[in-house]
Amino acid sequence: MVYIERRITIVNIKKPRSQSLNEELQWVGSSLGLFNLRDKNSSCFRIFIELLKSAKTENPLSSDDLALHLNLSRGTVMHHINKLMEAGIVIHQGNQYLLRVHQLQSLIDELQKDLQRTLDDLKSAAKEIDDMMGL
């Protein structure tokens, strides 16, 4: 059995009233715990947007491509790519990266399935522990 560790973070943030694309994308990313105050240049957000754009054409990007397009260091790109991979949002093919699925709504559906599987496993383990402790 192969165990893949995923860190799924959900932050309950009030949805913005404005319907601008940028604000909606910021809200989705922030709700997924992807963007934080330490990311002063919004590097993770910018990488996420580039990968979202590339999903449209199903064209994976290398870390060098992302660094060049976004004027970031490759180290910064890799830091955020690893964070996005850990969250189950980005996958890699060789030395190129792309979103796990080609649409944002499908991505949220996949994350929901991941979260549900994790909760089911936790519930099962909790029942076993309760039974062992006679609770």
>> Give me the residue from region 6-60 that is over 18 Å from Gln105 (Cβ atoms) and hydrophobic (A, V, I, L, M, F, W, C) and, out of that set, surrounded by the fewest Cβ atoms within 10 Å (Cβ to Cβ).
In response: Leu37
> How many of the residues in region 80-124 are small (Gly, Ala, Ser) and either on the phi > 0 side of the Ramachandran plot or in contact with a Pro (Cβ under 8 Å, 6 or more places away or on another chain) (or both)?
Replying inline: 2
> Restricting attention to region 7-17, does a residue exist that is free of Cβ contacts under 8 Å to residues at least 40 places away in the same chain, out of contact with any Cys (no Cβ under 6 Å at 6 or more places or on another chain) and in a helix (DSSP H, G or I)?
Replying inline: no
> Do we find a residue being closer than 21 Å to Arg6 by Cβ and hydrophobic (A, V, I, L, M, F, W, C) anywhere in region 36-46?
Replying inline: yes
> Among the residues of region 103-124, is there at least one that is among the small types (Gly, Ala, Ser) and touching a helix residue (DSSP H, G or I) at 6+ places or on another chain (Cβ under 7 Å)?
Replying inline: no
> Looking at this structure, is Glu86 surrounded by fewer than 18 Cβ atoms within 10 Å (Cβ to Cβ), modelled with pLDDT under 90 and over 18 Å from Ile8 (Cα atoms)?
Replying inline: no
>> Where the second residue is part of a loop (DSSP other than H, G, I, E, B) and among the small types (Gly, Ala, Ser) and the first is touching a residue at least 60 places away in the same chain (Cβ under 8 Å) and lies in region 83-96, which pairs have Cβ atoms under 7 Å and are six or more apart or on separate chains?
In response: none
>> Pairs needed: first member in region 46-75, within 18 Å of Leu34 (Cβ to Cβ); second member anywhere, part of a helix (DSSP H, G or I) and small (Gly, Ala, Ser); C-beta distance under 6 Å; at least 6 residues apart or different chains.
In response: Phe48/Gly29; Leu61/Ser54; Leu72/Ser43
> Are any of the residues in region 99-115 more than 21 Å from Trp27 (Cα to Cα) and modelled with pLDDT of 90 or more?
Replying inline: no
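The values are calculated or read from the model by the stated rules, or taken from the named source; none is laboratory data. Computed from a predicted model, the values in this text were never measured in an experiment. Virtual Cβ from ideal backbone geometry, glycine too; neighbours counted across all protein chains shown.
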